[in-house]
Amino acid sequence: MIFVTLGTQKFQMNRLIKAVDEMASGYSEEFFVQTGSSNYTPRNCSYKDFMDAETYNKKIAECSVLVTHAGVGTIISGISLGKPVVVVPRASEFGEHVDDHQSQIADAFSSKGLVLCCKDVSKLGEYIEKARSYDFKPYELKGGNIEETIMRFIDIFD
């Protein structure tokens, strides 16, 4: 199962859901989409708008590929479980966020070889297939930087 998650942002990300829904009709593997606040209803894949933490974490643990917006917590969860992660950052030009900080986050993780960054949803299928055999680098938490601060913050809420 390919798990696509849009997090809990108050913004829609219909372009990603539409792209996944179109792919799902002819794809050999099932897609499950956590749609968040989007208003596009998938016809070719299973979906849920929001889910509790246990169900969400189980989907990440069970998936073959994780496709996510550039939410740091989800990215780190996928990496920590050794999942191939494809990040599709939210873009302000599509009304998916107020700015483009998610592109910066996705680029930062991608530049370290931790994730693949797909900014063009028409190429998502290529990125999913590439992720299956890509040599992702191991995530190394180093002291005294923003990554450690983020991880400590996330651990507070676990």
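Here are some notes:
- Considering region 31-47, the residues that are of a type outside the set (Lys, Arg) and out of contact with any strand residue (DSSP E or B) (no Cβ under 7 Å at 6 or more places or on another chain) include one that is farthest from Ala91 (Cα to Cα), namely Asn44.
- From Ser80, Ser25, Ser92, Ser64, residue being more than 24 Å from Ser133 (Cα to Cα), of a type in the set (S, T, N, Q) and surrounded by fewer than 21 Cβ atoms within 10 Å (Cβ to Cβ): Ser92
- Number of positions in region 74-97 that are in contact with a helix residue (DSSP H, G or I) (Cβ under 6 Å, 6 or more places away or on another chain) and either modelled with pLDDT under 90 or of a type in the set (Lys, Arg) (or both): 2
- Taken over region 9-51, the criterion of being of a type in the set (Ser, Thr, Tyr) and not in a loop (DSSP other than H, G, I, E, B) is satisfied by Ser46, Tyr47.
- Test for Phe32: is it free of Cβ contacts under 8 Å to residues at least 60 places away in the same chain and aromatic (Phe, Trp, Tyr): yes
- The set of residues in region 120-158 being at pLDDT 95 or above, assigned to a loop (DSSP other than H, G, I, E, B) and exposed (fewer than 13 other Cβ atoms within 10 Å of the Cβ) consists of Asp120, Asp135.
- One residue from Gln12, Gln34 being of a type in the set (S, T, N, Q) and surrounded by fewer than 21 Cβ atoms within 10 Å (Cβ to Cβ): Gln12
- Flag if Ser110 is in a helix (DSSP H, G or I), modelled with pLDDT of 90 or more and closer than 20 Å to Glu22 by Cβ: no
- Residue identified as in contact with a strand residue (DSSP E or B) (Cβ under 6 Å, 6 or more places away or on another chain) and touching a residue at least 40 places away in the same chain (Cβ under 8 Å) among Phe50, Phe3: Phe3
The values are calculated or read from the model by the stated rules, or taken from the named source; none is laboratory data. In this text, all values refer to a predicted model and were calculated from it rather than measured experimentally. Please note: Cβ atoms are built from the backbone with ideal geometry, for glycine as well, and neighbour counts cover all protein chains shown.
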